[in-house]
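Notes to accompany the following structure.
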Amino acid sequence: QKEVEQNSGPLSVPEGAIASLNCTYSDRGSQSFFWYRQYSGKSPELIMFIYSNGDKEDGRFTAQLNKASQYVSLLIRDSQPSDSATYLCAVNIFSSGSARQLTFGSGTQLTVLP
Amino acid sequence: DGGITQSPKYLFRKEGQNVTLSCEQNLNHDAMYWYRQDPGQGLRLIYYSQIVNDFQKGDIAEGYSVSREKKESFPLTVTSAQKNPTAFYLCASSGTGPDTQYFGPGTRLTVL
């Protein structure tokens with residue numbers, strides 16, 4: 001069983017719509033959750049992190065965390081073509097033996113259609 | 001400007017050669033990491049270091065070696081024992097905050 005799972009996509013949404021990206025994780029002890037954006041051929045860049053249950057908003061981005069159901073999601077409002085990228089979910093998995101390690105999902109490819 | 005630098009951007013290796021990828025950071029971060037990314041896949045941890053002169057194997061350490069002689073530097077050597085080294089290699093670092101990692105621009109390694 002994969003420790004962090006994401007739908008690989010591709011996910012296509014029209015410009016101006018809300019894009020919803022989902023991620024589930026296996027370790028109930030996980031406490032830190034991250035979303036990274038990766039453009040083709042580039043390195044990942046941090047979009048948001050969330051530690052507490054509920055929603056966290058930053059501009060057009062909202063991260064949602066539900067520890068009971070072991071999922072974290074990212075909503076992108078008013079999607080723009082420049083949001084087209086692969087979005088990586090990363091989770092602190094304590095089973096890895098260190099509090100400083102992250103386990104990454106395989107990413108969801110998002111395409112925003114003009 | 002603070003950040004993480006990796007060099008070279010592109011690297012070509014002949015079979016049987018060892019090559020070393022450079023990673024430097026001026027963020028004063030304690031922890032540094034090396035990941036490998038294959039096409040269409042997520043990041044897999046090769047090695048990490050939480051303090052100078054100490055490092056730990058990640059999930060796919062076989063065929064790789066590292067050193068951490070300075071806080072700012074964490075070079076990765078891809079040895080000839082790594083049978084399929086063609087990949088995108090990413091270096092990251094994190095500070096005293098909980099787990100947030102920041103990435104360098106990456107090195108794309110190709111075996112000829």
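The values are calculated or read from the model by the stated rules, or taken from the named source; none is laboratory data. Computed from a prediction, not measured in an experiment: that's the story for all the values here. All Cβ positions, glycine included, derive from the backbone under ideal geometry; neighbour counts span all protein chains shown.
Does B:Glu62 fit the bill of being assigned to a loop (DSSP other than H, G, I, E, B), of a type in the set (D, E, K, R) and at pLDDT 90 or above?
Values: assigned to a loop (DSSP other than H, G, I, E, B): yes; of a type in the set (D, E, K, R): yes; at pLDDT 90 or above: yes.
Here the answer is yes, as B:Glu62 does meet what is asked.
So, in segment A:3-33, of the ones that are closer than 19 Å to A:Glu57 by Cβ and of a type in the set (Ser, Thr, Tyr), which residue ends up nearest to the chain's Cα centre (by Cα)?
Residue satisfying both the conditions and the ranking: A:Ser20.
Name the residue, out of A:Gln64, A:Gln80, that is of a type outside the set (D, E, K, R), away from chain B (no Cβ under 14 Å) and within 15 Å of the chain's Cα centre (by Cα).
Values: A:Gln80 fails: within 15 Å of the chain's Cα centre (by Cα).
Within the list A:Gln64, A:Gln80, the selection yields A:Gln64.
Please count how many residues of segment A:1-25 are more than 16 Å from A:Gln80 (Cβ to Cβ) and assigned to a strand (DSSP E or B). Don't jump to the end; show me each part of the working.
Step one: of segment A:1-25, the residues more than 16 Å from A:Gln80 (Cβ to Cβ) are A:1-10, A:22-25.
Subsequent filtering for residues that are assigned to a strand (DSSP E or B) retains A:4-6, A:22-25.
Going through segment A:1-25 one residue at a time, the tally reaches 7.
Condition first: touching a Lys or Arg at 6+ places or on another chain (Cβ under 7 Å), crowded, with 16+ Cβ neighbours inside 10 Å and either over 25 Å from B:Tyr33 (Cα atoms) or within 11 Å of another protein chain (Cβ to nearest Cβ) (or both). Can you find one or more residues in segment A:45-60 that meet it? First the steps, then the outcome.
Step one: filter segment A:45-60 for residues touching a Lys or Arg at 6+ places or on another chain (Cβ under 7 Å), giving A:45, A:47-48, A:50, A:53, A:60.
Right, trim to crowded, with 16+ Cβ neighbours inside 10 Å and you get A:47-48, A:50.
Those still in the list that are either over 25 Å from B:Tyr33 (Cα atoms) or within 11 Å of another protein chain (Cβ to nearest Cβ) (or both) too: A:48.
The answer is yes, given that some residue of segment A:45-60 is touching a Lys or Arg at 6+ places or on another chain (Cβ under 7 Å), crowded, with 16+ Cβ neighbours inside 10 Å and either over 25 Å from B:Tyr33 (Cα atoms) or within 11 Å of another protein chain (Cβ to nearest Cβ) (or both).
Read through the list (1) away from chain A (no Cβ under 11 Å); (2) farther than 21 Å from A:Glu3 by Cβ; (3) modelled with pLDDT of 95 or more; (4) surrounded by 14 or more Cβ atoms within 10 Å (Cβ to Cβ), then give the number of the only condition that B:Ile46 fails.
It is condition (2) that B:Ile46 fails.
Being hydroxyl-bearing (Ser, Thr, Tyr) and more than 13 Å from every other protein chain (Cβ to nearest Cβ) is the filter here, so list the residues in segment A:5-21 that pass it. Spell out the reasoning first.
Of segment A:5-21, the ones hydroxyl-bearing (Ser, Thr, Tyr) are A:8, A:12, A:20.
Residues satisfying the conditions are A:Ser12, A:Ser20.
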